[in-house]
Amino acid sequence: MSGVSVTKGAEDAVPASTDLVVLSNVNKHFGALHVLQDIDLTIARGEVVVVIGPSGSGKSTLCRTINRLETIDSGDIRIDGKPLPQEGKELARLRADVGMVFQSFNLFAHKTILENVTLGQVKVRKMDKKTAEEKARALLDRVGVGAQADKYPAQLSGGQQQRVAIARALAMEPKVMLFDEPTSALDPEMINEVLEVMQQLARDGMTMVVVTHEMGFARSAANRVVFMADGKIVEEATPDQFFSNPRSDRAKDFLSKILHH
Ligand SMILES: Nc1ncnc2c1ncn2[C@@H]1O[C@H](COP(=O)(O)OP(=O)(O)OP(=O)(O)O)[C@@H](O)[C@H]1O
Ligand SMILES: [Mg+2]
């Protein structure tokens, strides 16, 4: 090789935009219910956005539109500058680029932990099995469940399963991770072990959209809080601003309920 400082891909020649996920004027209905109303939301690379709001305000639906588990009626969603693909292999790749962790652990029950974290890498990312397994083991170690690799999901605690779900998403090297109330089905003593993994991910620079009622996490990990009510983004602010000085009555009311039970 010559003396030049090597192998930069062509894409590196153009500086990547800081915007990673861009929703523009997104609308969605479920029948008569206008569940997402003129949603504009831009998430920068490396940004951690916590979405909060009352039950039924559209938080899960918003998340699900970003990896096209739900279609939209109008508007535009782009990841890394590209509109969401409609179907086929492109869609499978999108689902890998946009990792998602739900409230329920939804691991494959009849596959081992290691297989759960290996499968997608082989099928979607076309990685060879040995490399995929090595990576899976490293990720399972990273989230603290390396010793469980050969067990089945039902043999693990909820907190452990949820950390496996995070490892499985990370194995695909996602551009962004969506978390929809990842700790709300967990017993209290398991919540922190999952939040700690998420905190570390945030510190490592992962772009994250997190729907959660864990206000401690929002305060310490979020760059921005997005408050939704009735299908609209009502307020966006830094956690400090939002928690100390919410502007809208809806947010004030919501915070008084969750902070003082
Ligand atoms: N598949 C569906 N078909 C019809 N209505 C739906 C569907 N999914 C969600 N909804 C409705 O859309 C609204 C928003 O639901 P969504 O699950 O996005 O709210 P949420 O903010 O995540 O609430 P929660 O805090 O309870 O999880 C609710 O009124 C819900 O009943
Ligand atoms: Mg929800």
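The values are calculated or read from the model by the stated rules, or taken from the named source; none is laboratory data. All values reported here derive from a predicted model rather than from experimental measurement. Note: ideal-geometry Cβ built from the backbone for every residue, glycine included; neighbour counts use all protein chains shown.
Evaluate region 154-177: report whether one residue or more is of a type in the set (Gly, Ala, Ser) and surrounded by fewer than 15 Cβ atoms within 10 Å (Cβ to Cβ).
Within region 154-177, one or more residues are of a type in the set (Gly, Ala, Ser) and surrounded by fewer than 15 Cβ atoms within 10 Å (Cβ to Cβ).
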(message) Could you list, ordered by first residue, the pairs with Cβ atoms under 8 Å in which the first is in region 200-215 and closer than 16 Å to ALA171 by Cα and the second is within 13 Å of ligand 1 (Cβ to nearest atom) and modelled with pLDDT of 95 or more, at least 6 apart or interchain?
(response) MET208/LEU178; MET208/PHE179
(request) Give region 70-98 a look and list any residue that's surrounded by fewer than 20 Cβ atoms within 10 Å (Cβ to Cβ) and in a strand (DSSP E or B), or say none. (result) SER74, GLY75, ASP76, ILE77, ARG78, LYS82, PRO83
(request) Only residues in region 99-112 that are in contact (Cβ under 8 Å) with a residue 40 or more places away in the chain and in a loop (DSSP other than H, G, I, E, B) count as the first member; pair them with residues that are acidic (Asp, Glu) and surrounded by 14 or more Cβ atoms within 10 Å (Cβ to Cβ), Cβ under 7 angstrom, at least 6 apart or cross-chain, and list the lot. (result) PHE102/ASP180; GLN103/ASP180; GLN103/GLU181
(request) Take region 34-69 and flag every residue that is away from ligand 2 (no atom under 14 Å from the Cβ) and either assigned to a helix (DSSP H, G or I) or without any contact (Cβ under 8 Å) to a residue 40 or more places away in the chain (or both). (result) THR42, ARG68
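Restricting to helices (runs of 4 or more DSSP H) lying wholly in region 158-261: which have 2 or more residues that are touching a Pro at 6+ places or on another chain (Cβ under 8 Å)?
158-170, 188-203, 215-221, 249-259
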